[in-house]
Amino acid sequence: MKVFDLNAINHLVLRKQHLTDSKIDDIVQIVRDINGLHATDPATPYLSLLARTNTFAKTRLDEELYVKRNLGKIRCMRKTVFALSKEMIPIAYSATKKMAQIASEKYSQYLGVTQKQYEETSKSVLKMLKGKGMTTKEVKKALRTELNISAIINLMCDEGLLIRGNPRHGWRSNIHTYYLFREYFPDINLNAIHEAKAKEVLVKQYIASFGPVNQNDVTWWTGFLKREAEEIIERLQDQITQIRISELKGSYFMLSSDSKLLQSLTPKKHVVNLLPSLDPYLMGYKDRERYLKCKYYEYVFDRSGNATSTILLDGEVIGVWDIAEKDEPSVKLFLFEEVKKAAFNSICLMAKKTGKFIVDKEVQIKECRSMVPLTQRTAGSVMTPLKDC
């Protein structure tokens, strides 16, 4: 079994994730290559694409999601909302629909919605949305009901009846306009691929985007049961190669074609990236020692395993960033350890670019000397990691 240097592995993943000199401006291709964009927080997809393109404007993602509709948002892996390429939607839907639907059903019942109420209300919603889109608030007002319409609409999305469309209040809003799925994507058949086959395709695509990985990573990213993940990996044995990684325990596997690419790869030095909270690069793995020293884990991940906004140097997390928008806007930086001046200057340039993208004006840079670990804070702190700096 071949052993590869961790630095080389991180640069391979950076290349596949379009986070080095592999950056391109085709955002649909980027979404395909990285197996989707986390979209639970509305700003994350925009900032993830900013980090992976040479030039990017918010309107470009809006156009692909809501006008051209080459991308769409559905809840899938780990019951998380992703922005996926059009051809990937039926694959992810078939592979994950059971766990997403069960979770939504339990949640709606917890909020007091009975099965009968759901069936009756969903029929009314389908009639109401024919040929148009509405927000949850608009639907609730039109139905004149006290039921939790948000829970009902989420379940309808998970059942493939509705799709999340354009938000009403800009790129950082989670107030979506909902449409009938069959009208929004008339050429997508959500039942085109069998569940078992969809799961196998999904795992293979994941390995292509994030490999080398181990079984824990596959189970984490997909949300599949451990035994199920094991069986899928076993069926893919003729397409993957086992390797070991220096500094990491255990064995890893990757597509055989990536093994050849890895051996010919010349890592580029001093690659700096500023990634948003919940970025795919960080959320793609269960075992995170590959890009983060254990002693800094509590500064990057909260108690639920959610990642905050991070600073990367050659694929390794070396710090955290945040944005302060009041008064004079600034990007805050908290570095775990001192870095060379050239690297710090690159970080500052990237921070100014990211800050300007967010607030549409020039920003200042503020370096923080301390940070309260995320594991000692309340839920949601990943969105404002340096709030008290």
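The values are calculated or read from the model by the stated rules, or taken from the named source; none is laboratory data. Everything numeric here is computed off the predicted structure, so don't read it as measured data. Backbone-built Cβ (ideal geometry, glycine too); neighbour counts: all protein chains shown.
Going through the stretch 374-383 one residue at a time, which ones are buried (at least 16 other Cβ atoms within 10 Å of the Cβ) and not hydrophobic (A, V, I, L, M, F, W, C)?
Arg377, Ser381
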#### Entry: Matching option when the condition is surrounded by 20 or more Cβ atoms within 10 Å (Cβ to Cβ) and hydrophobic (A, V, I, L, M, F, W, C), among Leu265, Leu274, Leu261, Leu225
Leu274
### Query
Could you say which residue among Ser304, Ser346, Ser330 is hydroxyl-bearing (Ser, Thr, Tyr), in contact with a Lys or Arg (Cβ under 7 Å, 6 or more places away or on another chain) and surrounded by fewer than 21 Cβ atoms within 10 Å (Cβ to Cβ)?
Ser330
## Note on the structure
Given (1) touching a residue at least 40 places away in the same chain (Cβ under 8 Å); (2) surrounded by 11 or more Cβ atoms within 10 Å (Cβ to Cβ); (3) out of contact with any helix residue (DSSP H, G or I) (no Cβ under 8 Å at 6 or more places or on another chain), Glu231 misses just (1)
### All positions within the stretch 349-368 that are surrounded by fewer than 17 Cβ atoms within 10 Å (Cβ to Cβ) and touching a Cys at 6+ places or on another chain (Cβ under 8 Å)
Ile365, Lys366
### Message
Looking only at the stretch 1-19, filter to residues that are part of a loop (DSSP other than H, G, I, E, B) and modelled with pLDDT under 95; which one of those is farthest from the chain's Cα centre (by Cα)?
### Response
Met1
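Listed here are the residues, each with its yes/no results for (1) farther than 15 Å from Val320 by Cα; (2) of a type outside the set (S, T, N, Q); (3) at pLDDT below 95.
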position	(1), (2), (3)
Phe253	yes, yes, no
Ser257	yes, no, yes
Ser277	no, no, no
Tyr281	no, yes, no
Tyr285	yes, yes, no
Glu289	yes, yes, no
Val300	no, yes, no
